[in-house]
Amino acid sequence: MAVIEVKNLSYVYSKKTPYEKKALDNVSFEINEGEFFGIVGATGSGKSTLISHFNVLNKPQTGSVKVLGMDCSEKKNFLAVRFGVGMVFQYPEYQLFEDTVAKDVAFGPKNMKLPKEEIDRRVKESLDLVGLPYEVYGERSPFELSGGEKRRAAIAGVIAMEPKILVLDEVAAGLDPEGRDEILKLIKRLQKEKCPTIVLISHNMDDIAALSDRILVMANGKIELLDTPKEVFKNVKKMTDLGLGLPTATGMQVELASRGVKFDDVCVTFDELASQIEKIKAGGNGYVS
Amino acid sequence: MSQEEVKNVKFSYSKKEENAVYALKGISFVIEKGEFVSVVGRNGCGKSTLAKLLNGLFEPSSGKVTVCGYDTKNEDTIFEIRKRAGMVFQNPDNQMVATIVEDDIAFGPENLGVPPEEIEIRVASALDTVGMSEYRHATASKLSGGQKQRIAIAGVLSMEPEILIFDEATSMLDPKGRGEVMSVAKKLNAQGITVINITHNMDEVVMGDRVLALNDGQLVFDGTPKELFKDVEILKRAKLDLPPVAKFRNMLIERGIKVSEDILQSNELVEEIWQLLK
């Protein structure tokens, strides 16, 4: 079942001025329930404009966007759509503002006018889920947390609204390796336990390849590719020309292939590539000098 | 010749002795002219504090920082330091001062009182170095992230610095932008400019000659990238990660595929795998 349906969507910034810019150009696709959906594209390719439609920060100018069956052009749906789609923007820690972590996380549910007990339950649950136990972190100032912790606190604030779809824009950027690992693990866990549909924007092809069921590749406001990681990264030249590059494993596979190693299949993770190399070394299929 | 001397430096954001929390707890090292040094460590380890000490934006609470022979505590010579040690920050949007690219680049030398004809030459040469000459009259805000960072670098270059300090300058860029900025850094380093690159990206670390690792305000490692990525103990302590290629190398070794244990570059690993397979 499709939870997001985008049909013939176009979007122009600064319409009828000398700065007019077409950010989206006749884009159509669907995201299914339970899908881990990756979006990649160079800076300025239209990714952010696109996801801003998912909770009606941008209203469709031409074409249509339906979220959870609700038309995003109809004003009566705006609130329900916004509660249904949790957005975690780049550097979400800059959006922390309350004097305690618990209050910050409670901000969303409060706006949903939920009863106090329900808000408390959600705050506790969300903080526990992101690995900032309420008892330890609840009463601390968000500004005393480390970079990775702040980001997780910001994510907790979004999860507390219990959205059906979670949209994450460059969620690991600027974090140290440990923080990255924690966030990526958290996202997988969230998908399992809390929010089955995840949309992830990233510049990191290794992460995108390892996590996504399907990847949408954008360039100049248009869809270039939409397929599984293997099918997307088969387009070696296109991905390189678009300035996006390949997962490290695919890049090495391409190098080996250019020297004459024949592989059964495209590898997008190190695990896959190691297995293929193992097989070829053991004299299995595939290898031709 | 030493360009940056950091001696027993402690730094606290609070001036009052009683509530001092030290972001740096006594650090010493020397950086020589022409080095490409990476600085790594987890969020909050003191990397950015250190960067700001290296061109006198901050003064050490105790200890001494000397840049090209000038003490950063001496207010009379602070401009000598700022001129010689330029910084490029994380967010390209926060460092543009003018709307047009060439004005932005001219801002630094104008403030140094460089004559207009000389500024003209410097702007042209800086744009050429970063490969942005055709954007000279472009609107700065309309550029891509990688282009903006290259303009920021050009702005620093127009002051003819001896040292370039990058404070996570690639972390907000797409892969192409990151590649552009790092290749400019490499090129400038080859021309003799000292590069200090603060980063979380282990692939960038592999590009340098030397790496300093900080943990909790202390220097826990000072050596080559090869040595660092062999030192499992330090990697753990400073919460550092292996570069992707090194992770793959270890995975292969675990599976009994014999490749060298210290490979960090993708082309070297490809070569060894090829030797094993052919």
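The values are calculated or read from the model by the stated rules, or taken from the named source; none is laboratory data. All figures in this text were calculated on a predicted structure; none of them were measured in a lab. A quick note on method: Cβ atoms are made from the backbone with ideal geometry, for glycine too, and the neighbour counts reach across all protein chains shown. When the accessible area is computed, the model is the full protein with side chains, heavy atoms only, and any ligands, DNA or RNA have been set aside. Shrake-Rupley method; radii C 1.70, N 1.55, O 1.52, S 1.80 Å.
Structure above, values below:
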| quantity | calculated |
| --- | --- |
| Qualifying positions in segment A:119-142 - in contact with a helix residue (DSSP H, G or I) (Cβ under 7 Å, 6 or more places away or on another chain) and either assigned to a helix (DSSP H, G or I) or not assigned by TED's automatic domain parsing to the domain that holds A:ARG180 (or both) | A:ILE119, A:ARG122, A:VAL123, A:LYS124, A:SER126, A:LEU127, A:ASP128, A:LEU129, A:TYR134, A:TYR137, A:PRO142 |
| Members of segment A:33-57 found to be away from chain B (no Cβ under 14 Å) and of a type outside the set (Gly, Ala, Ser), listed by number | A:GLU33, A:GLU35, A:PHE36, A:PHE37, A:THR49, A:LEU50, A:ILE51, A:HIS53, A:PHE54, A:ASN55, A:VAL56, A:LEU57 |
| Residue match in segment A:50-69 (condition: among the basic types (Lys, Arg), over 29 Å from B:ASN91 (Cβ atoms), surrounded by 14 or more Cβ atoms within 10 Å (Cβ to Cβ) and free of Cβ contacts under 8 Å to residues at least 60 places away in the same chain) | no |
| Among (1) modelled with pLDDT under 90; (2) more than 14 Å from A:VAL158 (Cα to Cα) - the single one A:GLN90 does not satisfy | (2) |
| Criterion: open to solvent by 60 Å² or more (accessible area, probe 1.4 Å) and either within 14 Å of chain A (Cβ to nearest Cβ) or closer than 30 Å to A:GLU170 by Cα (or both) - qualifying residue of B:SER125, B:SER141, B:SER171 | B:SER141 |
| Residues of segment B:244-278 satisfying the condition of being open to solvent by 60 Å² or more (accessible area, probe 1.4 Å), within 9 Å of chain A (Cβ to nearest Cβ) and not in a helix (DSSP H, G or I) | B:ARG255, B:LYS278 |
| Tally, over segment B:180-206, of residues that are touching a residue at least 24 places away in the same chain (Cβ under 8 Å), closer than 17 Å to B:SER38 by Cβ, outside any strand (DSSP E or B) and within 14 Å of chain A (Cβ to nearest Cβ) | 10 |
| Search result, residues across segment A:215-250 that are out of contact with any Asp or Glu (no Cβ under 6 Å at 6 or more places or on another chain), open to solvent by 30 Å² or more (accessible area, probe 1.4 Å) and either under 28 Å from B:LEU277 (Cβ atoms) or part of a helix (DSSP H, G or I) (or both) | A:THR228, A:LYS230, A:GLU231, A:LYS234, A:ASN235, A:VAL236, A:LYS237, A:LYS238, A:THR240, A:ASP241, A:LEU246 |
| Hey, A:LEU211 buried (at least 22 other Cβ atoms within 10 Å of the Cβ) and either farther than 15 Å from A:GLU125 by Cα or of a type in the set (Phe, Trp, Tyr) (or both) or not | no |
